[in-house]
Structures are given as C-alpha cells and as structure tokens.
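Working notes for the structure below.
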Amino acid sequence: MTRRTSAIYAELAGTPQAARQARELARQALGEDHPALDDAELIVSELFSNAIAHSRSGHPGGTVAVAVQAPAHPGDVRILVRDAGGPDAPALTADDSDSEHGRGIAVISALATEWGSHTVDGERITWCRLRSGRTPARVADREPEREAG
C-alpha cells in the first residue's frame, strides 16, 4: 500500500483568531490518525503566533501563509509559515521562567527534527520538519527544499 502525499496551503488573516484556522489546516492535511498530528498542530500554532506578534503580518490587513505537507513516508511532516517580515529572525532565547512569552522556538526545537528561517524579498519564511523517531532539532542555515510550498 502506497501512501500519497497530502498538502494544504492557505493565506490567513494576521489575527489571533486565525490561529485556530492554522491548526485546522494541519488537521486537514494530516488526518486524525497521523502520529505527529498533536506536535504539528502545536508547531503551526507557535509559528503562526510568532508571525503575528513579531512581524508586520500582525498589523491591520496583514496576512500569514501556512503550508502543511505530509510526505509519503508515514510520520513525516513539513510545515512552512510565511509572514510579512520584521526586525528579528526567530531564535532560541534564554529561559526566563517568570516570562509568559519567549518559549515558542524552544517548543519547536524540542518537537521538530529540523527548523530554519530565512528572508526573501522582505518576507520571512520559517519552516520545520517532523519525522517519526525524531532526534533533537538542529537549526538549518539553508533554505528548505521547495516541496513544502
């Protein structure tokens, strides 16, 4: 039996309310029985929230593009979020246990096999890969392959 690749892409409003739609995209792309569904939903939510909090996508009229792909290999997932760009690239920050913010990239690093971010024409693209039997994440200093959207 061969599993087909499934992918979903959407351009969403850059509002906190649209984060639910972003999580739903992951659910639609992967299906209820996908082994990485919970991790993928959390990562999409974190990337989306970061996009609206730290880029121009969170300004009135801003948008965030979200792509979720389940390649043919069971357990693999690719996620890509494109925002309108901002002053800083996503990065791990020092742990401040008193802060209510600043843990999103740490969560992504803990769940993803690999992640990275780059800027193209003023827009920021942040992406990650989840793989079954995951190993600790590494930050990639290259662009993702074009297969994620």
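The values are calculated or read from the model by the stated rules, or taken from the named source; none is laboratory data. The structure presented is a predicted model; accordingly, all values stated were derived computationally and were not measured. FYI the Cβ positions are ideal-geometry reconstructions off the backbone, even for glycines, and counts take in every protein chain you see.
Given the condition touching a His at 6+ places or on another chain (Cβ under 7 Å) and at pLDDT 55 or above, answer yes or no: does some residue in the stretch 120-127 qualify?
Yes, there is a match, as at least one residue in the stretch 120-127 is touching a His at 6+ places or on another chain (Cβ under 7 Å) and at pLDDT 55 or above.
Assess whether G62 counts as being touching a helix residue (DSSP H, G or I) at 6+ places or on another chain (Cβ under 8 Å) and at pLDDT below 95.
no
If I ask for residues that are modelled with pLDDT of 60 or more and in a loop (DSSP other than H, G, I, E, B), which ones from the stretch 94-107 would you list?
Taking the stretch 94-107 first, the residues modelled with pLDDT of 60 or more are 103-107.
Listed by number, the list holds a single entry, R103.
Given the criterion among the small types (G, A, S) and either at pLDDT 90 or above or outside any loop (DSSP other than H, G, I, E, B) (or both), identify the matching residue among A110, A72, A91.
A110
Of the numbered conditions (1) farther than 19 Å from E123 by Cα; (2) surrounded by fewer than 20 Cβ atoms within 10 Å (Cβ to Cβ); (3) at pLDDT 90 or above, A53 fails exactly one; give the number of that condition.
(1)
To keep it simple, each residue is scored yes or no on (1) over 14 Å from I108 (Cβ atoms); (2) surrounded by 15 or more Cβ atoms within 10 Å (Cβ to Cβ).
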| position | (1), (2) |
| --- | --- |
| A10 | yes, yes |
| Q17 | yes, no |
| F48 | no, yes |
| S57 | yes, yes |
| A65 | yes, yes |
| H73 | yes, no |
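Take the residues of the stretch 75-88 that are in a loop (DSSP other than H, G, I, E, B) and surrounded by 14 or more Cβ atoms within 10 Å (Cβ to Cβ): which is modelled with the highest pLDDT?
Restricting to residues being in a loop (DSSP other than H, G, I, E, B) and surrounded by 14 or more Cβ atoms within 10 Å (Cβ to Cβ), the top hit is A84.
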